[in-house]
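Structure first, commentary second.
The values are calculated or read from the model by the stated rules, or taken from the named source; none is laboratory data. Only a predicted model underlies this, so the values are computations on that prediction, with no experimental measurement involved. Reconstructed Cβ throughout: ideal geometry from the backbone, glycine too, with neighbour counts over all protein chains shown. Just so you know, the surface numbers come from the protein's heavy atoms only, side chains and all, with ligands and any DNA or RNA stripped out. Shrake-Rupley method; radii C 1.70, N 1.55, O 1.52, S 1.80 Å.
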Amino acid sequence: RPQSGSRLQVSAALKEGRVSPTELCQRCLALLRSTTFLNAYITVAGEAALKQAEESEKRYRRGQPLGVLDGIPIAVKDNFNTAGIETTCASNMLKGYISPYNATVVQKLLDQGAVLLGKTNLDEFAMGSGSTDGVFGPVRNPWSYSRQYKEKSVPKSRSEDEESNWVIAGGSSGGSAAAVSSFTCFAALGSDTGGSTRNPAAHCGVVGLKPTYGLISRHGLIPLVNSMDVPGILTRCVDDAAVVLGSLAGHDPKDSTTVQDDFKPFELPNLTDVSKLSIGIPKEYRAPGLSSEILSLWSKAADLFKNAGAKVIEVSLPHTCYSIVCYHVLCTTEVASNMARFDGLEYGHRSDMNKSTESMYAATRREGFNDVVRGRILSGNYFLLKQNYENYFIKAQKVRRLIANDFMKVFGSGVDILLTPTTLSDAVPYEEFIKEDNRTRSAQDDILTQAANMAGLPAINVPTALSERGLPVGLQFIGRSFQEKQLLTVAKWFEKQVKFPMIELEEVKRHDHGVFQHQKSASFS
């Protein structure tokens, strides 16, 4: 029965033998089959998952589970390499590509006994903020089908109801966020380059953690922007995010950008006294387009800390207004460089055009990449032209340093954690979202999240409340470099105060034999 439970509750149930790993896996797969309309998964590895669950069951019978993740169903964004399971990046360029090795993070989860259910949907090559631009079609936000949203949204006509009213899951890790939100798995991996884990987490009402750059290995994550990419963690509560972080963090000889020091997994304390905390509210995050609803939620959250005795101060990050432009230049230049590997020679799609090697390259890339990817490659190569290099790339690197320094100054002044919105509004209907092009959307949607990537800082989305439309809204906490324990401890305290409501989905009720209504939490730790 612990389908809708948290990783914590399920770990306990597995240990006590109240549920077996196979049962748990079968239940998640059944739910996955009945929620295929969400389009959260690209590939479901049902048989392999059941085999892993059987192995886990044997270990539990012997009383020797590998750890708290043993037997826990997880999902992985389809831009992480998985041996034996297709890795597509939601692109024609990699359709049918099966990697010979596992990404380090995937290997670490499997080594802990986690059960890999499948690969989740995304924007092509993780470029986007809606999970609408992949070759396998858009991801639907599970909240579109929740009782909370249905009660608030009045359809113009009966037939129009669910077909045109569904809202986006956010992106680019929308599949992973939807998978966790709809209870088909207990934790999922995303990636976060400019907010790709936190944005869908906010829209789907789950916890989304972007760790400090270098804390988790990127080996086997198909790169977008090497200097900003971080594997992200999506779970249903903060404790679970801490557990998954504990099993993934630390040095990896295969990734030279990982931290050299050993990482000690930690258990999050229950914070009772916040009076020693200093919470910074960056005034520049009152961005144009920020909905009045989120603005008032943000100030209520600040008051919550203030009333509990924390010091809450307005701070300034003066270079924030340049960050989105700076991010655009750096992002596209690294994309242009990274995408050069897809030439039709070593792996992935190869065009039949055989007039010359040059024409084969060109045709392969034209057929393999969508307009968004091609557009970013074009602008990146433009910024890298000899005559533009100083004016764009070098200048953007200098601005990036100023942005990172802004954060250092604020944290140096005694502020412990920054509190900001995660998104400008709640999730918009798909029909509305696609009226604007990917570039415009990404520029708007990354505005509150990408600065943390540029500075390499840890940040987390915590689901906070439901909007007037019955959709999730999250707030973001940004911490000091490598201070994940402090960041997660504060996030856990906040999570406890706000008591975010559980999603009420018909599908889950059917599969969960009534447990669903009573169990508020949904963690496995």
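Please tell me if residue 103 is over 19 Å from residue 29 (Cα atoms) and either without any contact (Cβ under 8 Å) to a residue 60 or more places away in the chain or open to solvent by 50 Å² or more (accessible area, probe 1.4 Å) (or both). Taking the combined requirement at face value, the residue does not satisfy it. When you check residue 136 against the structure, is it open to solvent by 10 Å² or more (accessible area, probe 1.4 Å), aromatic (Phe, Trp, Tyr), assigned to a loop (DSSP other than H, G, I, E, B) and modelled with pLDDT of 95 or more, yes or no? Criteria met by residue 136. For residue 5, the criteria (1) in contact with an Asp or Glu (Cβ under 9 Å, 6 or more places away or on another chain); (2) of a type outside the set (Ser, Thr, Tyr); (3) buried (at least 17 other Cβ atoms within 10 Å of the Cβ); (4) at pLDDT below 95 hold in every case but one, which is (1).
Go through the residues of the stretch 206-213 one by one and say whether even a single one is in contact (Cβ under 8 Å) with a residue 12 or more places away in the chain and either over 30 Å from residue 332 (Cα atoms) or surrounded by fewer than 24 Cβ atoms within 10 Å (Cβ to Cβ) (or both). Taking every residue of the stretch 206-213 in turn, at least one turns out to be in contact (Cβ under 8 Å) with a residue 12 or more places away in the chain and either over 30 Å from residue 332 (Cα atoms) or surrounded by fewer than 24 Cβ atoms within 10 Å (Cβ to Cβ) (or both). Could you tell me whether any residue of the stretch 350-362 is modelled with pLDDT under 95, of a type in the set (Asp, Glu) and surrounded by fewer than 18 Cβ atoms within 10 Å (Cβ to Cβ)? Checked the stretch 350-362: at least one residue is modelled with pLDDT under 95, of a type in the set (Asp, Glu) and surrounded by fewer than 18 Cβ atoms within 10 Å (Cβ to Cβ).
Considering every residue within the stretch 139-157, establish whether at least one is hydroxyl-bearing (Ser, Thr, Tyr), part of a loop (DSSP other than H, G, I, E, B), surrounded by 24 or more Cβ atoms within 10 Å (Cβ to Cβ) and out of contact with any strand residue (DSSP E or B) (no Cβ under 6 Å at 6 or more places or on another chain).
No; the residues of the stretch 139-157 include none that is hydroxyl-bearing (Ser, Thr, Tyr), part of a loop (DSSP other than H, G, I, E, B), surrounded by 24 or more Cβ atoms within 10 Å (Cβ to Cβ) and out of contact with any strand residue (DSSP E or B) (no Cβ under 6 Å at 6 or more places or on another chain).
Taking the criterion of being touching a Phe, Trp or Tyr at 6+ places or on another chain (Cβ under 9 Å), farther than 18 Å from residue 495 by Cα and not in a loop (DSSP other than H, G, I, E, B), the residues of the stretch 179-209 that qualify are 179, 189, 191. Entry remark, the stretch 451-497: residues being open to solvent by 10 Å² or more (accessible area, probe 1.4 Å), of a type in the set (S, T, N, Q) and over 16 Å from residue 236 (Cα atoms) number 3 in total. Please state which of the following conditions residue 219 fails to meet, knowing it meets all the rest: (1) open to solvent by 10 Å² or more (accessible area, probe 1.4 Å); (2) not in a loop (DSSP other than H, G, I, E, B). Residue 219 satisfies all of (1) open to solvent by 10 Å² or more (accessible area, probe 1.4 Å); (2) not in a loop (DSSP other than H, G, I, E, B) except (2). Scanning the stretch 298-338 for residues that are touching a strand residue (DSSP E or B) at 6+ places or on another chain (Cβ under 6 Å) and not β-branched (Val, Ile, Thr) turns up 298, 301, 302, 305, 306, 310, 311, 314, 317.
The sole residue among 261, 252 that is more than 30 Å from residue 469 (Cβ to Cβ) and open to solvent by 40 Å² or more (accessible area, probe 1.4 Å) is 261. When each of 78, 111 is tested for being within 18 Å of residue 348 (Cβ to Cβ) and at pLDDT 95 or above, the lone residue that passes is 78. Please indicate, with yes or no, whether at least one residue in the stretch 266-276 is open to solvent by 80 Å² or more (accessible area, probe 1.4 Å), among the polar types (S, T, N, Q) and more than 24 Å from residue 409 (Cβ to Cβ). Yes, some residue in the stretch 266-276 is open to solvent by 80 Å² or more (accessible area, probe 1.4 Å), among the polar types (S, T, N, Q) and more than 24 Å from residue 409 (Cβ to Cβ).
List pairs: first residue in the stretch 228-240 and closer than 17 Å to residue 492 by Cα, second residue assigned to a strand (DSSP E or B) and open to solvent by 10 Å² or more (accessible area, probe 1.4 Å) anywhere in the structure, Cβ distance under 6 angstrom, at least six positions apart or on different chains. Partner pairs satisfying both residue conditions: none exist.
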